[in-house]
Amino acid sequence: MPTAEDRALAGWLCAVAPELRAGALGDEEVLAWIDAALAAVRNGEPAAPVCRRLGYPSRAEPDKHTGDLTVLDDFGFDPVVVRGEYRCPTGRCSRRSQADESGREPRCQVDDAPMILRAKP
């Protein structure tokens, strides 16, 4: 069972994966390292040690509204939105997102799959 920290970090990793790939600037070794990290999380490895191996130790604290852990260290990336209408397709992480300005559904960057629309409470 993943910990709250692992769920928060898996959500962070999912959200910043495109920026990590872009930042690799086509370096095949770095891209392979990123892809291996995403595969490890996809295959069930806890996200916290995976992020640490990538060089991203972070802090996660409870959101004051939901109680879910959110990642506080942004490492220069835009903040990750963890609330919204869509959720992780596998339930592996706590990431929440919304459709983009064109109405396209967000994608899970770990599984390369569309995120799932949450039912209204």
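The values are calculated or read from the model by the stated rules, or taken from the named source; none is laboratory data. Model, not experiment: these values are computed from the prediction. All Cβ positions, even for glycine, are placed from backbone atoms using ideal geometry, and neighbour counts span all protein chains on display. Side chains are part of the model used for accessible areas, which takes the heavy atoms of the whole protein and leaves out ligands, DNA and RNA. Shrake-Rupley method; radii C 1.70, N 1.55, O 1.52, S 1.80 Å.
When only residues in the stretch 90-121 that are of a type in the set (D, E, K, R) and more than 17 Å from VAL41 (Cα to Cα) count, which is surrounded by the most Cβ atoms within 10 Å (Cβ to Cβ)?
From the stretch 90-121, those of a type in the set (D, E, K, R) are 92, 95-96, 100-101, 104-105, 107, 111-112, 118, 120; that's our starting set.
Checking which are more than 17 Å from VAL41 (Cα to Cα) leaves us with 96, 100-101, 104-105, 118, 120.
On the way: ARG96: 21, ASP100: 9, GLU101: 6, ARG104: 9, GLU105: 14, ARG118: 11, LYS120: 5.
This residue is ARG96.
Run down ARG42, ARG83 and say which single residue is under 22 Å from LEU117 (Cβ atoms), open to solvent by 60 Å² or more (accessible area, probe 1.4 Å) and modelled with pLDDT of 90 or more. Break it down into steps so the answer makes sense when it comes.
Working: ARG83 fails: modelled with pLDDT of 90 or more.
Only one candidate passes the filter, namely ARG42.
With the requirement that a residue be more than 15 Å from GLN109 (Cβ to Cβ), assigned to a helix (DSSP H, G or I) and either of a type in the set (Asp, Glu) or within 10 Å of the chain's Cα centre (by Cα) (or both), what does the stretch 9-50 give you?
GLU28, GLU29
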